[in-house]
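**Student:** Sending over a structure as structure tokens; questions will come in a sec.
Read-outs throughout are calculated quantities, based only on the coordinates presented, and are distinct from any laboratory measurement. If you're wondering where the values come from, they're calculated on a predicted model, not measured in any experiment. Heads up, the Cβs are rebuilt from the backbone with ideal geometry, glycines too, and the neighbour counts pull from every protein chain shown.
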Amino acid sequence: MIDFDLPEDVQAVRAKTAAFIDEVVLPAESQVGTRPYFDIVAELQGKARAEGLWCPFVPREWGGMGLGHLANAVVQIEVGRSFSHLGAWALNCMGPQDATMVTLIEHGTQEQKERYLRPLVDGKIRICFSMTERAAGADATGMRTTAVREGDEWVLNGEKWFSSSASISQLALVMARTDPEAPRHQQFSTFLVELPNPGFLIVRDIPVMGENDTPRFENEVVGGHAEVAIENLRVSAKNLLGGLGEGFSMGQHRLGYGRLRHGMWAIAKAQAALDLAAKRALERETFGKPVAERQGVQWMLADCATELYLTRLMVLHIAYKMEKGLDLRQENSIAKNYIANMIHKVVDTSLQIHGSLGFTHDTPLAHWYQEVRAQRLVDGPDEVHRWKVGKNVLDAYRKHGSTALAAGGDLV
Ligand SMILES: Cc1cc2nc3c(=O)[nH]c(=O)nc-3n(C[C@H](O)[C@H](O)[C@H](O)COP(=O)(O)OP(=O)(O)OC[C@H]3O[C@@H](n4cnc5c(N)ncnc54)[C@H](O)[C@@H]3O)c2cc1C
């Protein structure tokens, strides 16, 4: 029998998280912009830890809740209701902190875990991930930053672009080319770099879309996307993370984790946008009737509801595949592309239904509209995922004489 009922322990952890978000985190959101953001975070972290809500996906022996993929996913849908990210910071599962913890757990040496994983889990340090360069984004194998071995150290030179949160981080994961002669995907390795560091120069936080909409206390820096110059950056050989040439392969195990987290946050935000759309459509009258009574508007709402429902199914299927340890690369790419467009469409539709009000900052929609646009670029742009999905369709046909396995065919 197909069973979509969540197990009792999963329902319980969801309910506990939901109560914490409702009673502790959401009331604190009005403080954003009135006092330092990370002071608010520190207070919330104390309260979350006291409740046992901490690093949901991290094994208990490292100080987390040790949740499985499904349980973590439903915790994330609650965390995702805090649109200022206070919820994610409160439970210490903000990106890229969380993905780095996952990587360190899987690939770190014992020494690296003690030195970096422990303070990350403790919420004492923040990290950034530096892969993209002006020269290379969608095709990261075009990276030009080099790492050359000198005795017990590696010396890195090059530049990075869009290193999110670099300006507020104490640790960076930096990818660089260690072997130009190796096969394309084995030329790159990842280094743990302690910050601040004279070889890792933050040139600026790049001005981006929507950034001025977020309230900030006395212009404090909370995140930002940094342009970085890497000049004779010396890194101990002990700080090579994973094996030499494993920069790309090491990221694979994070795919499903990232999809569940991003997917659940997208569902939470799209759901909130659709709720706003329905409320406005019911309240607003034009030409003598509520806007909600127009079939044209009902169809807009129906399309959004359909996409939200499909997203929920995709995310649950990915959680299932992860729990079973099954290959989910095709589903990941399908979901990555679909969900990024789903959230874009739902927020846009809600904004449209609000008319000129949607264009103002009297609702959160204009801010969300700008913010969610990035989702169609980060973690691989739409076109790259669709390209991969299409290639997998062709490969499946070549191998099996059917495209079913590239189109969810293992379900039915
Ligand atoms: C808000 C934000 C945060 C980010 N944070 C980080 C971070 O923390 N760390 C980090 O390393 N990077 C980060 N990035 C960078 C992000 O990963 C890259 O923007 C992304 O990989 C795309 O690279 P690019 O921008 O250089 O696009 P390009 O490589 O220049 O590609 C441009 C466009 O070309 C098209 N295209 C490219 N290849 C193909 C193809 N094969 N088929 C069809 N069309 C194609 C697509 O339309 C694509 O959007 C961030 C980006 C943003 C916007």
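**Student:** Measure nothing fancy, just the Cα-based angle from helix 382-400's long axis to the longest principal axis of the chain, in degrees from 0 to 90, nearest 10.
**Tutor:** 80
**Student:** Moving on to the next point. Give me D379, D327 sorted ascending by neighbouring Cβ count inside 10 Å, so fewest comes first.
**Tutor:** Ascending Cβ contact count within 10 Å gives the list D327, D379.
**Student:** Measuring from centroid to centroid over Cα atoms, what is the spacing of segment 144-171 and segment 356-389 in Å?
**Tutor:** Spelled out, the Cα-based centre of one part sits 29 Å from the other.
**Student:** Using 0.36 nm per residue of separation minus the Cα-Cα distance, give me the extension gain between A50 and D275 in nm, one decimal.
**Tutor:** Gain on stretching A50 to D275: 77.8 nm.
**Student:** Another question about this same structure. So, in Å, what gap is there between the alpha-carbon centers of segment 274-330 and segment 16-38?
**Tutor:** 26
**Student:** Want the number for S30 to D5: 0.36 nm per residue separation, take away the alpha-carbon distance, what's left?
**Tutor:** Value of the extension gain: 5.5 nm.
**Student:** With Rg and the Kirkwood Rh both taken from Cα atoms, where does Rg over Rh land for the chain? Write out the running numbers ahead of the final one.
**Tutor:** Numbers: Rg = 22.1 Å, Rh = 22.7 Å.
Radius of gyration over Kirkwood radius for the chain works out to 0.97.
**Student:** For segment 393-412 and segment 84-127, what is the separation of their Cα centres, given in Å?
**Tutor:** 37
**Student:** Mind ranking 328-336, 144-152, 305-313 by how tightly packed they are, going by the mean number of other C-beta atoms within 10 angstrom, highest first? Intermediate results must be reported in sequence, preceding the final value.
**Tutor:** On the way: 328-336: 22.3, 144-152: 14.0, 305-313: 15.9.
With the highest mean Cβ count within 10 Å placed first, the list reads 328-336, 305-313, 144-152.
**Student:** Kindly express, to the nearest 10 degrees and within the range 0 to 90, the angle between helix 254-283's C-alpha long axis and the longest C-alpha principal axis of the chain.
**Tutor:** The angle comes out at about 20 degrees.
**Student:** Return the subset of K47/K336; K324/K399; K238/K336; K324/K388; K269/K336 for which the Cα-Cα distance in this structure is over 26 Å, preserving the input order.
**Tutor:** Listed pairs above 26 Å: K47/K336; K238/K336.
**Student:** Can you tell me the order of 241-248, 215-222, 162-169 when each peptide is scored by its average per-residue count of other Cβ atoms within 10 angstrom, highest first? Display every interim value, and only then the final one.
**Tutor:** Working: 241-248: 19.1, 215-222: 12.5, 162-169: 22.6.
The peptides rank, most packed first, as 162-169, 241-248, 215-222.
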